[in-house]
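Read through the structure below, which is laid out as structure tokens, and then see the notes.
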Amino acid sequence: MRIYDETLKSRLMLGTARYPSPQILKQAILASGAEIVTVSLRREAAGERAGQKFWDLIRETGVKVLPNTAGCHSVREAVTTAQMAREVFRTNLVKLEVIGDADTLQPDLFGLVEATRILTEDGFQVLAYTTEDLVAADRLVEAGCRVLMPWGSPIGSARGLNNVYGLRAMRARFPDLTLLVDAGIGVPSHAAQAMELGYDGVLLSSAVALAGNPVTMARGFRLAVEAGRLAFEADPLQPRDMAEASTPVLGQALLGGAVFA
Amino acid sequence: MTITVIGAGVAGLVAAVTLAERGAAVTLHERSDRLGENAASWLAGGMLAPFCEAESADPSIVAPGRAAIDWWAARVPEVMRQGTLVLAPRRDAGEVQRYARRTREGLMLDAEGVEALEPDLAGRFSGGLHFATEAHLDPRRALVALAERLRALGGTIHFGSDIMPEAATGDVVLDCRGIAADAPQLRSVRGEMMVLKTRDIRLSRPIRLLHPRMPVYVVPRAEGRFMVGATMIESEASGGPTLRSAVELMNAAYALHPAFAEAEVTEMKAGRRPAFPDNLPRVTRRGRIVSVNGLYRHGFLLSPDCAAKAADLALGSSSREEIAA
């Protein structure tokens, strides 16, 4: 999976918030095989570098840290947070969230495009948390974004892929862009489904962090993402209305009923 | 045997009392000028809720947590054994089922069951979970009572006394400084809380309100006061509460009962919980220094067990070098 200049083996990215403990977070990261984890600067900081000890624990796993602007509700807030994150984590990568609705936490697409433009001009490499809206996606690409992350469903809702048609259309529209499904994934089958649609990867957080056993769930997601990707690469069957026998029936003794070739 | 304890938060006070009860001559040093100042435990909820806490914490906390209820009840006034009531807003009612799956001992209640326990919440919740054997106390009254008990047992407390463990006198030194100890791997998990005062609503037990984004609790205290807490933020920052956290806590109280909208906000503070990577406490000995730290959000729940282990190490009845509580 290509994220700007980085090529990653794992197609799974994990969030780091709300685990029972940093130790379980570490074990979950290892079990997931993720090479990138997101860290929210906003809440963990409250002051510059105030979350340093927590970040150090994450870094001990050897994974790359992708700062995000989770919880930012305005362009200015998101841009400032991204700039702070670049200082703290020494990376140009940023997962850009500009929240537009407090209830559904859906992105403010207008603010997102504007913030993407500002940050791209400032040298950032933006991974944009967006919806499956194709027009917004076009505008984000125009603004310099090369990794789009449409939601499956609202953040933390565990509802899976709400709009499979929309996600499929997005994949078809941007065959060469890196696309990840971000948000709304609840169980591994949701992740597998996203991968079967041809998405490059998935980003999830609470599905693992809030599971009864986060480490086991992380392993489940690792396998599901691999399985879904393999299915996509193998060119799967399309659903059909009629049964199709996998063994030829010609020449067998059949009682009653016709055989249609 | 003479023992010097450094730090008069819940870890230090419980350890000092435990050692004094076992016959040691205890001197307690506290950097602050008065009890509770700068102590995370002064801002605690005071819930003795081992089963509820085990929803997200390691199950090893349950046994020592249950024993802690009796420990406190034998030593401080007003340990209320009314249990804990776990509720979820109607639109998140499924959270109660999930909570029940992940905990033990919770009794499922319907709306009438909730009303029977807390009449003022009648009609507001379609169901809940009651953990009948859990308890709560007022942390400040408890710490004051422990300080009195320590003095009654012959111990002395020096406030405004900032000493390092290596420089302290005594056969054994107990380092109970929490965050200030700056131990390897120790981090701070910031928590913000507020105290509300109203006579318009009465509660008999701590209420945990399950919300997917912001689980909070409301703990009733004497004289119409309610402690609302607490945020959990991975941060070393020591400043006051943020507006965002204040709004979230206030919203939660309001969601529990609209009468809180008219409550007086009498206090709003932020503290730092000391925690190790597994969020479990550690009791260790190196030379004549025994360290108790990392009580995280379980200061009142786990300090009696930690103190017993520290006393074993200090008084020599345990040869183990390190005990993970």
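Observations on the model:
- Residue match in the stretch B:110-126 (condition: open to solvent by less than 70 Å² (accessible area, probe 1.4 Å) and either within 19 Å of B:Glu53 (Cα to Cα) or within 14 Å of chain A (Cβ to nearest Cβ) (or both)): no
- Only listed residue being more than 14 Å from chain A (Cβ to nearest Cβ) and either open to solvent by less than 50 Å² (accessible area, probe 1.4 Å) or acidic (Asp, Glu) (or both), chosen from B:Arg225, B:Arg205, B:Arg177: B:Arg205
- Index of the failed condition, A:Pro67 passing every other in (1) crowded, with 19+ Cβ neighbours inside 10 Å; (2) closer than 27 Å to A:Gly111 by Cα; (3) touching a Pro at 6+ places or on another chain (Cβ under 9 Å): (3)
- Listed conditions (1) within 14 Å of chain A (Cβ to nearest Cβ); (2) closer than 25 Å to B:Cys306 by Cα; (3) in contact with a strand residue (DSSP E or B) (Cβ under 7 Å, 6 or more places away or on another chain) are all met by B:Tyr99, apart from (2).
- The residues on offer are A:Leu167, A:Leu127, A:Leu112, A:Leu148, and the sole one that is under 22 Å from A:Ser206 (Cα atoms) and either in contact with a Pro (Cβ under 6 Å, 6 or more places away or on another chain) or not in a strand (DSSP E or B) (or both) is A:Leu167.
- In the set B:Ala49, B:Ala25, B:Ala11, B:Ala54, only one residue is in contact with a strand residue (DSSP E or B) (Cβ under 8 Å, 6 or more places away or on another chain), surrounded by fewer than 24 Cβ atoms within 10 Å (Cβ to Cβ) and touching a residue at least 24 places away in the same chain (Cβ under 8 Å); that residue is B:Ala25.
- Answer from A:Val225, A:Val259, A:Val249 - the residue that is in contact with a helix residue (DSSP H, G or I) (Cβ under 6 Å, 6 or more places away or on another chain) and either at pLDDT 95 or above or more than 27 Å from A:Asn68 (Cα to Cα) (or both): A:Val225
- So A:Pro154, is it touching a strand residue (DSSP E or B) at 6+ places or on another chain (Cβ under 8 Å) and under 29 Å from B:Leu210 (Cβ atoms): no
- A:Arg18 vs. criteria touching a residue at least 24 places away in the same chain (Cβ under 8 Å), more than 14 Å from chain B (Cβ to nearest Cβ) and within 24 Å of A:Asn162 (Cβ to Cβ): no
- Tabulated pairs, the stretch B:120-141, first modelled with pLDDT under 95 and assigned to a strand (DSSP E or B), second open to solvent by 50 Å² or more (accessible area, probe 1.4 Å) and not polar (S, T, N, Q), C-beta under 6 angstrom, 6+ apart or interchain: B:Gly127/B:Asp110
The values are calculated or read from the model by the stated rules, or taken from the named source; none is laboratory data. Computed from a predicted structure; not experimentally measured. Cβ sites come from the backbone with ideal geometry, for glycine too, and all protein chains shown count toward neighbours. These accessible areas exclude ligands, DNA and RNA; they are computed on the full protein's heavy atoms, side chains included. Shrake-Rupley method; radii C 1.70, N 1.55, O 1.52, S 1.80 Å.
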